[in-house]
Amino acid sequence: MMTIRRLIYREVLAAVVFVAIGFLSLFFFFDFVDELPNVGKSDTPYRLTQALVYVALRIPNHLYELLPIAVLIGSIFVMARMAQSSEYTILRTSGLGPWRALRTLLALGMMFTLLTFAAGDYLAPAADKAAQLLKARYQGRISVGQTGAWLKERQGQRTYTVNVNALTPDGDMQGVRIFEADARGFLVSTTQAPRGSFADGAWLLQEAERSQFNTTGADMATVERNQLPKVRWPTEITPEMVSVALLKPDRMSTIDLFQYIRHLDDNGQTSQRYEIEFWRKVFYPLSCLVMVVLALPFAYLHFRSGGITSYVFGGVLIGISFFLLNNVFGYIGNLRNWWPWLTAAAPGLIYSMLSLGAFGWLVLRR
């Protein structure tokens with residue numbers, strides 16, 4: 001039985017690697033074509049070499065997204081090819097029953113699950129951060145949207161709303177604005193600084209302008225403005241939280257997402273979007289197990305003539321439908337305010353039922 005497992009593992013691993021390389025090459029080409037308009041601009045030293053490095057650093061994120069699909073297509077190809085050549089029939093007569101075959105593929109799927117988790121939680125965030133810093137080094141800064149990142153923090157009876165327009169390649173902040181409100185929600189002061197940096201438990205703002213609003217009567221207030229060369233603002237908002245707010249949540253690690261969700265909850269901010277992405281990070285690697293179970297019934301099909309192209313094409317469609325359904329459920333769950341864990345787990349549960357149904361009908365009952 002060890003020999004049978006090695007045979008199946010070797011064939012599936014080779015097929016999955018081949019499919020993954022094909023997909024990654026295709027996405028590498030698309031990303032490179034998308035970066036070409038930014039190459040050679042007169043105001044930036046962004047050249048072809050930097051564009052190639054930037055596109056290469058995006059490969060881990062594509063690997064994380066495409067690995068379950070590659071597992072499905074590669075497994076279907078191997079199972080269908082074994083069925084076509086009657087090789088799987090020989091394995092069945094050698095003692096490879098349905099449940100033993102299922103356990104063998106699940107063990108292989110667990111290996112791909114661990115690889116997907118490592119790629120999505122460690123390799124992809126680090127590579128994406130390096131890619132963003134590389135691009136910022138040649139194009140000036142890291143930012144999102146027109147107004148940058150917005151964060152909120154409570155300190156005692158005071159509430160602070162913070163806006164950071166961008167991050168420099170060195171990790172410093174640009175365009176910092178801090179709005180301070182009292183317990184009633186009335187604006188107390190504003191602080192603006194063109195740049196700032198992170199210190200131990202505080203932000204250091206350079207050339208700051210502070211406006212203090214003092215209420216002198218029922219309808220009267222005075223404004224006191226001061227120019228300060230340096231301002232130290234104690235806060236629990238870390239550089240990681242600012243980076244999280246400026247980057248896409250699907251390119252963050254699970255720990256960073258969890259810490260950012262806690263920060264949002266502690267300060268009374270909505271965290272639905274980030275909670276959905278957190279649970280997607282948890283459940284998405286498990287989809288590799290679903291994919292290998294979906295591929296197993298193809299080994300029990302009977303091929304009377306021709307190749308297996310149509311079955312591999314069916315595997316491609318199944319993989320694409322899973323990817324689309326996973327994204328659609330995320331958007332719908334965020335709009336409808338569904339439970340985050342159910343929103344993230346629903347695509348995997350649907351395809352798990354389909355795979356178990358196919359396994360029961362094509363394998364156990366035939």
Checked the chain with the C-alpha gyration tensor, a ≥ b ≥ c its square-rooted eigenvalues, rounded below a/c of 1.5, otherwise prolate if a/b is larger than b/c and oblate if not; verdict prolate
Descending packing, highest mean Cβ count within 10 Å first, for 338-350, 2-14 is 338-350, 2-14
Residue span LEU26 to THR3: 0.36 nm per residue of separation minus Cα-Cα distance leaves a gain in nm of 4.8 nm
Toy charge model, Lys and Arg Cβ at +1, Asp and Glu Cβ at -1: the stretch 5-75 dipole around Cα centroid in debye, rounded to 20, equals 360 debye
Checking rank on 58-70, 308-320, with mean other Cβ inside 10 Å and highest first, the result is 58-70, 308-320
Phi-derived 3J(HN,Hα) across the stretch 309-326 with the Karplus relation (6.51, -1.76, 1.60, θ = phi - 60°), rounded Hz, x for Gly and Pro, is 4, 5, 6, 5, 5, x, x, 4, 5, 5, x, 5, 5, 5, 4, 5, 5, 5
Once both label points are put 7 Å beyond Cα along the C-beta direction, the ALA202-PHE179 separation in nm becomes 2.5 nm
Taking a ≥ b ≥ c as the square roots of the eigenvalues of the Cα gyration tensor, with a/c under 1.5 meaning rounded and otherwise prolate when a/b exceeds b/c and oblate if not, the stretch 4-80 is prolate
In whole Hz, the Karplus estimates of ³J(HN,Hα) for the stretch 51-61 (6.51, -1.76, 1.60; θ = phi - 60°; x where Gly or Pro) are 5, 5, 5, 4, 5, 5, 6, 8, 4, x, 5
The set of residues whose placed amide H lies less than 5 Å from the amide H of TRP203, leaving out same-chain residues fewer than 5 positions away, is TRP233, THR235
Scalar couplings 3J(HN,Hα) for the stretch 202-212 by Karplus 6.51 cos²θ - 1.76 cosθ + 1.60 (θ = phi - 60°), nearest whole Hz, x for Gly and Pro, are 7, 10, 10, 9, 9, 6, 7, 10, 10, 10, 9
Note on the stretch 149-236: contact order normalised by length, alpha-carbon pairs under 8 Å, 6 or more apart, percent, works out to 19 percent
The exposure ranking of ILE73, ILE332, fewest beta-carbon neighbours within 10 Å first, is ILE332, ILE73
For the pair TRP99 and LEU123, the simple spin-label estimate (label points 7 Å beyond Cα toward Cβ) gives in nm 3.5 nm
In nm, the gap between the two label points placed 7 Å beyond Cα toward Cβ at LEU301 and ASN214 is 8.1 nm
Once the dipole of the chain is set up from charges on Cβ (+1 Lys and Arg, -1 Asp and Glu), the residue from the list GLY156, GLY74, ALA358 lying farthest towards its positive end is ALA358
Between VAL188 and residues 5 or more places away or on another chain, the pairs with built amide H atoms under 5 Å apart involve GLU180, ALA181, ASP182
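Bear in mind these aren't lab numbers, they're just calculated from the coordinates by the rules spelled out. Values in this document were obtained by computation on a predicted structure and should not be read as measured data. Reconstructed Cβ throughout: ideal geometry from the backbone, glycine too, with neighbour counts over all protein chains shown.
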